[in-house]
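Inspection log for the structure reproduced underneath, given as structure tokens.
Derivation of every value follows stated rules applied to the coordinates shown; laboratory data play no part. Every value quoted in this text rests on a predicted model; they were computed, and no experiment measured them. All Cβ positions, glycine included, derive from the backbone under ideal geometry; neighbour counts span all protein chains shown.
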């Protein structure tokens with residue numbers, strides 16, 4: 001049984017507990033930093049004294065930032081175009097926001113802009129594990145990329161590229177700018193392709209078709225990892241991520257069409273008991289906010305806890321119990337939906 | 001008799017397929033005829049063998065059929081830039097990396113951007129990288145600094161679907177693009193059973209002497225790995241078959257790759273001996289420029305970048321290109 005030392009940072013703004021609770025109720029579901037650096041060199045990323053692997057896992061979704069064709073206002077789709085300088089910065093920003101959330105496996109699309117986003121984000125990660133892209137395209141590729149040290153493998157985070165997480169394929173619009181497209185096909189038609197759920201552009205995919213292959217991939221390959229307690233990060237594209245969110249949040253077609261995903265702002269979900277609970281967007285270690293722990297984590301970490309106050313803490317009581325209960329309340333509310 | 005001679009002549013001309021043949025496609029046949037396992041493949045499942053001869057630039061052009069439009073020579077000289085990627089996460093930890101696909105550190109990212117600044121005024125028409133992310137990222141990061149503002153586009157030929165899905169449908173957009181070809185043959189030397197080990201572990205497992213021999217010799221491979229000789233064989237073959245013909249047509253090429261694959265290519269360009277190549281060290285983040293002219297490679301050192309003073313041996317053509325870029329800003 002290996003020991004684990006956990007370090008948490010809490011910031012509580014209001015003074016009274018009651019005030020806290022009232023205020024928390026009004027806040028949107030935004031999460032704040034929590035530093036949980038597991039210092040034990042155990043084999044699993046989640047320490048053994050959680051008895052079985054944790055029955056909950058974190059799922060982070062990151063949409064890549066600005067690509068060179070976004071900047072030129074061209075329809076990109078599956079054309080493999082890289083990030084701009086701004087897109088690079090966005091990836092690094094996103095990385096800072098998730099730097100303290102455990103990650104055991106990474107899924108990306110097969111396009112460089114998503115892969116670069118994942119790699120740049122992971123440079124910021126506090127655990128300093130090394131992402132390694134898996135190559136399964138041929139026997140040679142597989143054998144050539146083998147790692148021969150157990151210790152090194154433990155310090156690695158596998159990265160799995162999958163074309164099923166690619167951006168929606170835009171067919172004959174790929175490479176065209178909005179003006180060209182409107183001239184070629186008419187404004188009305190273009191608007192329909194961009195905003196409908198099931199009408200594909202010529203030779204392209206509708207959002208429905210994109211959702212079909214993205215969600216199928218998620219259910220077959222990503223959800224089992226979460227169910228096994230692995231914390232997952234998915235770095236992908238606007239449409240493939242919307243599709244997945246449609247599945248996670250059980251959205252209708254109408255709702256998903258109007259769903260806009262910010263770039264560089266990661267979304268966090270907690271997977272527990274077969275359900276996905278939306279946890280908003282981590283704000284990063286330098287910003288103040290309130291993070292609602294799960295009760296399980298709280299109980300586990302309570303045994304060996306060091307609490308540091310990074311920011312000025314106003315007079316007020318630190319109430320882990322209440323926070324955990326608040327978290328419980330949020331969980332219960334979302335389960336009722 | 002005459003028939004036999006003419007048949008032989010035909011076979012001979014097909015076999016030689018000289019690059020100056022104006023009918024030759026930009027992207028010669030051989031890589032696509034190799035067995036699937038030797039072709040560069042990324043993550044697309046292989047649905048169909050696409051053994052068609054597809055010119056590199058044409059892959060962006062014609063969405064359906066392959067074309068063998070004759071390509072005129074653009075110029076009688078071309079620039080070749082070699083960039084070795086910067087620090088990777090395993091370099092930092094002092095682990096043998098080889099073909100394990102490990103990304104760059106923050107320092108490696110900064111080195112790539114620096115390298116990009118140094119080559120920002122040298123024309124680039126075509127980019128070749130290895131199939132490893134650290135080289136690809138280096139190329140993409142470097143190109144964000146390029147003044148021409150053309151957009152690198154990574155070609156996907158691992159399956160028919162991959163090809164179709166990545167087609168570009170605008171002539172103007174294609175003209176503003178730089179095709180990027182990813183090739184496993186430009187990968188780092190495969191380090192076999194040393195991959196993932198640190199120097200200490202390796203010395204313990206195999207003995208200091210033995211490890212030194214693997215690292216410094218030309219033809220002794222580590223267990224299940226490649227010797228520098230084996231690495232050179234596949235890297236130089238790839239260069240000769242795929243990159244040199246492009247240079248011969250006047251296309252300016254950038255290669256972003258690794259220490260050993262680049263040393264191998266330099267060995268070929270500079271006609272080095274095996275002893276000379278084992279002691280050749282390539283700086284990271286410092287691009288090397290060669291000019292290809294009249295079938296010869298002329299070493300031009302390392303470009304100093306637009307903000308530094310120095311004597312740089314530009315060719316007239318490069319100076320004119322630079323002039324053009326400066327004028328387009330005003």
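Worth pointing out:
- Spin-label model distance (nm) - residue A:220 vs residue A:259, 7 Å beyond Cα toward Cβ: 2.1
- Using C-alpha pairs under 8 Å with a sequence gap of at least 6, the mean separation divided by the residue count of region A:47-294 gives a relative contact order of 31 percent.
- If R0 is taken as 35 Å, the Cβ-Cβ distance between residue A:142 and residue B:327 corresponds to a FRET efficiency of 0.10.
- Projecting label points 7 angstrom from Cα along Cα→Cβ for residue B:171 and residue B:272 puts them 4.6 nm apart.
- With the biggest extent put first, the Cα atoms of region B:157-251 measure 59, 29, 21 Å across the principal axes.
- Residues A:125, B:156, ranked from the fewest to the most other C-beta atoms within 10 Å, line up as A:125, B:156.
- A:242, B:299, B:174, B:118 arranged by Cβ crowding within 10 Å, fewest neighbours leading: B:299, B:174, B:118, A:242
- The per residue volume of the convex hull around the alpha-carbon atoms of region B:77-329 is 138 Å³.
- Normalised by residue number, the volume inside the convex hull of the Cα atoms of region A:47-294 is 142 Å³ per residue.
- Simple spin-label estimate for residue A:251 and residue B:208 in nanometres, 7 Å along Cα-Cβ: 6.1
- Neighbour-count order for A:117, B:173, fewest beta carbons within 10 angstrom listed first: B:173, A:117
- All Cα-Cα distances of region A:105-165, cut into 10 Å bins from zero to the largest, leave 21, 49, 29, 1 percent in each bin in turn.
- Residue B:107/residue A:192 FRET efficiency (R0 35 Å; Cβ-Cβ; nearest 0.05): 0.15
- Contact order, relative form, for region B:77-329: 31 percent (alpha carbon pairs under 8 Å, 6 or more residues apart, mean separation divided by residue count).
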